[in-house]
Amino acid sequence: MSGAATRPAFVIAVDGPAASGKGTLAAALGRAYALPVLDTGLLYRAVGVLTARAGADLDDAAAARAAAAALTADLLGDPALRTRAAGEAASRVAVHPGVRAALLDYQRAFARQEGGAVLDGRDIGTVICPDAPAKLYVTASPQVRAERRRLQLAARGEVVAIAEVLADIARRDDRDGGRAAAPMGPAPDAVLLDTTDMSIEQATDAARRIVEAARARWEAR
Ligand code: C5P
């Protein structure tokens, strides 16, 4: 690719609330552009799980920060990170500015790798990679997100009533969007993608079109 050495890497930032479809879209974009993908939610899930395993309270900022500092990449494949409890723990430790600071360098280094990367999370376009050339903010109605999350959990053997998943989602939206440190929200230059009425294929096509347009602008810079 001409000019790659003088130009920042092509970073695709995919943000949005829990179960909006951002993880699926990030993975599809990674395959389409042959870019590595980082699910940054896993970092916070790992910090939550490590904090709990250390016997500390998730609201204990110092303990959570120590867990973030001790985090190693091999933990990210642990199936325990995919549970409902880990999602809740993640959003509780994610409010601590010290935890977010401890995870910043790892995420930025991932984004800076040669060729570029796809990162999905809550604050990629706003805080981690504010200069990313392609930014998507993926949403869907709470009901649709709850049903998607219910199916994901059931596929892993965790059977939860839809009303409970809906309550989880509402609680997480409030906490993630209301916290002082890097609250969840779209960057001013992000393109909003509402996947409520879309199949995975339709959402992937729409995401591809958004990224294609961003890539054309980036190539022309
Ligand atoms: O994306 P996922 O649902 O796995 O994220 C779990 C939690 O981690 C979120 O609810 C949020 O509190 C936190 N998180 C965050 N910033 C990110 C990614 C996740 O605060 N970039």
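The values are calculated or read from the model by the stated rules, or taken from the named source; none is laboratory data. Just so you know, these numbers come straight off a predicted model, no measurement behind them. Quick reminder, even Gly has a Cβ in these numbers, built from the backbone with ideal geometry, and neighbours come from all protein chains shown. Heads up: the accessible areas ignore ligands, DNA and RNA and are worked out on the full protein's heavy atoms, side chains in. Shrake-Rupley method; radii C 1.70, N 1.55, O 1.52, S 1.80 Å.
Between TYR137, TYR106, TYR44, the residue with the greatest mean-square fluctuation in the GNM of the chain (Cα pairs under 10 Å linked by springs) is TYR106. Full extension of the segment from GLU88 to ALA161, taken as 0.36 nm per residue of separation minus the current Cα-Cα distance, would add 24.7 nm.
Which percent of the accessible heavy-atom area of the chain goes to carbon and sulfur, probe 1.4 angstrom?
Reported share for carbon and sulfur atoms: 56 percent.
Note on segment 109-156: dipole from Cβ charges, positive end direction compared against TYR137, LEU153, GLY125; the farthest Cα belongs to LEU153. From helices alone, the chain scores -16500 deg cm²/dmol at 222 nm; the rule is -39500 (n - 2.57) for each run of n ≥ 4 DSSP H residues, then divide by the residue total.
With springs only between Cα atoms under 10 Å, which of ALA146, ALA117, ALA102 fluctuates most in a Gaussian network model of the chain? Of ALA146, ALA117, ALA102, the Gaussian network model singles out ALA102 as fluctuating most. For GLY116, the amide hydrogen comes within under 5 Å of the amide hydrogens of PHE10, counting only partners 5 or more places away or on other chains and with H modelled in the peptide plane. Shape class of the chain from the Cα gyration tensor (axes a ≥ b ≥ c, square roots of the eigenvalues): oblate, since a/c reaches 1.5 or more and a/b does not exceed b/c.
Between ALA220 and ALA73, the FRET efficiency estimated from the beta carbon spacing at R0 = 41 angstrom works out to 0.70. Computed with a 1.4 Å probe over protein heavy atoms only, the accessible surface of segment 104-172 comes to 47 Å² per residue. A 1.4 Å probe run over segment 1-95, with the rest of the protein chains in place, finds 41 Å² accessible per residue. Between helix 41-53 and the chain there is an angle of about 20 degrees, using the helix long axis and the longest principal axis of the Cα atoms.
Computed from Cα atoms, the angle from the helix 200-220 axis to the main principal axis of the chain rounds to 50 degrees.
Structure remark: mean-square fluctuation, Gaussian network model of the chain, C-alpha springs under 10 Å; the largest value among ARG150, ARG100, ARG171 belongs to ARG171.
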